[in-house]
Amino acid sequence: MSLERDWPLFGLHIETPRLSLRYPTDEDLDALNAVASQGIHDRAVMPFEIPWTDDPPEVRPRNSLQFWWALRANWKPHRWALNLVVREGETIVGVQDLVAAEFAVTRQVATGSWLGTAFQRRGVGTEMRAAVLHLAFEGLGAERATSTAFDDNIASLKVSRALSYVENGDEIKSVRGRSRRAIRFRLERQVWQRNRRGDIQIHGLEPCLPMFGLDQKNA
Ligand SMILES: CC(C)(COP(=O)(O)OP(=O)(O)OC[C@H]1O[C@@H](n2cnc3c(N)ncnc32)[C@H](O)[C@@H]1OP(=O)(O)O)[C@@H](O)C(=O)NCCC(=O)NCCS
């Protein structure tokens with residue numbers, strides 16, 4: 001209990017009719033590693049800007065733990081990266097991220113996500129993005145959400161388009177030593193508001209607000 005008192009993110013969760021998204025415990029991180037080890041994408045493609053899934057299997061889980069622990073250790077109210085473990089029923093299926101810098105001023109968030117291959121193409125990716133957008137816009141008072149995907153990542157592009165994001169330019173990145181085009185998307189608050197869901201609930205946010213650089217008045 002004192003862990004949740006001192007690090008209230010452990011009490012934060014979002015519920016949709018299909019999914020729950022929670023701040024991960026170390027046990028959840030271990031379970032996420034097991035999902036990731038089963039595969040996230042075809043090895044011939046690389047959907048991530050940092051190709052972490054290319055790490056050799058004997059070190060990839062350790063590297064992932066270190067990455068997730070770094071997110072915890074480096075959390076600041078003016079620069080945070082929230083990684084949420086996604087469950088469908090009791091089954092852990094993947095991760096949904098929400099990231100911001102100077103959020104209290106910019107009111108802008110970015111998202112990123114992955115699912116184990118066994119859990120893809122069943123609408124979960126769209127549902128978990130909708131859930132974290134609810135946290136951003138309804139819970140935290142965001143004005144804009146952004147997302148970026150490589151131009152060959154049909155699933156991610158479709159999720160953004162299905163949730164009414166619009167294209168916002170592109171950029172060229174170097175991945176695996178090759179040039180790739182990433183498409184940027186943005187979703188403004190008023191567009192989200194028109195399409196907002198009425199069946200998503202946020203729990204345990206209030207004690208976390210100072211961690212997001214907010215107080216009750218400006219959330
Ligand atoms: C991106 C990701 C989270 C989307 O989740 P998902 O559950 O697969 O997506 P959904 O089932 O909600 O599908 C969204 C749309 O994409 C389509 N789609 C999903 N995977 C696809 C694929 N491999 N090829 C073509 N279309 C695909 C779905 O059919 C659906 O289309 P529809 O709206 O016309 O029905 C998931 O595919 C994933 O983890 N991919 C690997 C990691 C990754 O790319 N992360 C994002 C980096 S930017």
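No lab work stands behind these numbers, since they all come straight from the coordinates. Owing to the predicted nature of the structure, the values given are computational and were not obtained by experimental measurement. Heads up, the Cβs are rebuilt from the backbone with ideal geometry, glycines too, and the neighbour counts pull from every protein chain shown.
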Among helices (runs of 4 or more DSSP H) entirely inside region 1-93, those with 2 or more residues being surrounded by 12 or more Cβ atoms within 10 Å (Cβ to Cβ) are 26-37, 60-73
Would you mind telling me which numbered condition in (1) within 16 Å of the ligand (Cβ to nearest atom); (2) surrounded by fewer than 15 Cβ atoms within 10 Å (Cβ to Cβ); (3) aliphatic (A, V, I, L, M) A149 fails?
-> (2)
Sort through V166, V132, V95 and tell me the only one that's more than 18 Å from I200 (Cα to Cα) and of a type in the set (V, I, T).
-> V166
Tally of residues being touching a strand residue (DSSP E or B) at 6+ places or on another chain (Cβ under 9 Å) and in a strand (DSSP E or B) across region 176-212 = 13
Would you be able to tell me the number of residues in region 95-144 that are over 25 Å from D215 (Cβ atoms), part of a loop (DSSP other than H, G, I, E, B) and either within 15 Å of the chain's Cα centre (by Cα) or more than 16 Å from the ligand (Cβ to nearest atom) (or both)?
-> 1
Test for K158: is it surrounded by fewer than 19 Cβ atoms within 10 Å (Cβ to Cβ) and within 10 Å of the ligand (Cβ to nearest atom) = yes
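This table checks each residue for (1) of a type in the set (D, E, K, R); (2) touching a residue at least 60 places away in the same chain (Cβ under 8 Å).
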position	(1), (2)
S147	no, no
R176	yes, yes
A182	no, yes
R186	yes, no
R197	yes, yes
P210	no, yes
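Suppose we filter region 94-103 for residues that are surrounded by fewer than 19 Cβ atoms within 10 Å (Cβ to Cβ) and not β-branched (V, I, T); how many remain? Walk me through it before giving the result.
Within region 94-103, the subset surrounded by fewer than 19 Cβ atoms within 10 Å (Cβ to Cβ) is 97, 99, 101-102.
Remaining after also requiring not β-branched (V, I, T): 97, 101-102.
Residues that pass the stated criteria total 3.
Given the structure, is I50 over 30 Å from P210 (Cβ atoms) and within 15 Å of the ligand (Cβ to nearest atom)? Reasoning before the result, please.
Working: over 30 Å from P210 (Cβ atoms): no; within 15 Å of the ligand (Cβ to nearest atom): yes.
No; evaluated as a whole, the condition is false for this residue.
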